[in-house]
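Visitor: Here it is, the structure in full.
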Amino acid sequence: MLSVTTPIRHAVVEARHARVEIAQSAVELAVAVPTILTSLPKPEALADTVRKIAAAKLKRKLLVEMSTFKISDKEKAAAVLRTRPAIR
C-alpha cells in the first residue's frame, strides 16, 4: 500500500470506491495503458520516471508530458525515451 498522509489516503479510498485503479509505479501504469500522461512536480521526477519507463520492455506507447518545465528539461526526457523506439 502507498505510504500516504490522511487526506491523500481518503482520496485513495474514494478513488477505489469509484473503481479507479491505482498503479504502484510509473512502469506498472505504463504496462497497462497505451497512452501515458505525466504532470510531475520537478524536472528530476520527470527524468527519473522516463528512465524507468525507457528501461522497461514495453510495447508501443505514447507519452504526453504536461508539466510546466523548461523545454530543455522536456527535450532531455525525450532524448531518453528515444532510446526505446516503441515510445513516442
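Visitor: Taking the simple approach of a point 7 Å from Cα along Cα-to-Cβ for both residue 59 and residue 24, what is their distance in nm?
Guide: 2.3
Visitor: Could you pull out every residue, at least 5 positions away or on a different chain, whose amide H is within less than 5 Å of the one on residue 65? Hs are placed 1.01 Å off N in the peptide plane, and Pro or chain starts have none.
Guide: Here 38 satisfy the definition.
Visitor: Separate question: Using the 10 angstrom Cβ neighbour count as an exposure proxy, how do 51, 82 rank, fewest first?
Guide: 82, 51
Visitor: In addition: Per residue of segment 48-56, what does 6.51 cos²θ - 1.76 cosθ + 1.60 with θ = phi - 60° give for ³J(HN,Hα)? Whole Hz please, x for Gly and Pro, Karplus curve as stated.
Guide: Going residue by residue, I get 5, 5, 5, 4, 5, 5, 5, 6, 6 Hz, with x marking Gly and Pro.
Visitor: Also, quick follow-up: Which three extents, in angstrom, do the Cα atoms of the chain have along their principal axes, listed largest first?
Guide: Answer, in whole Å and largest first: 38, 28, 18 Å.
Visitor: Under 14 Å from a label point 7 Å along Cα→Cβ of residue 35: give me every residue in segment 66-86 with its amide N that close.
Guide: 66
Visitor: How far is helix 6-17 tilted, in degrees, relative to the longest principal axis of the Cα atoms in the chain, given as a value from 0 to 90 rounded to the nearest 10?
Guide: Roughly 90 degrees between the two axes.
Visitor: Return one number: the angle in degrees, 0 to 90 and rounded to the nearest 10, between the long axis of the Cα atoms of helix 71-81 and the longest principal axis of the Cα atoms of the chain.
Guide: Orientation of helix 71-81: about 90 degrees from the principal axis.
Laboratory data are not the source of any read-out in this text; all were calculated from the coordinates shown. As the structure is a prediction and not an experimental result, all values here were calculated from the model. Cβ: placed from backbone, ideal geometry, glycine included. Neighbour counts: every protein chain shown.
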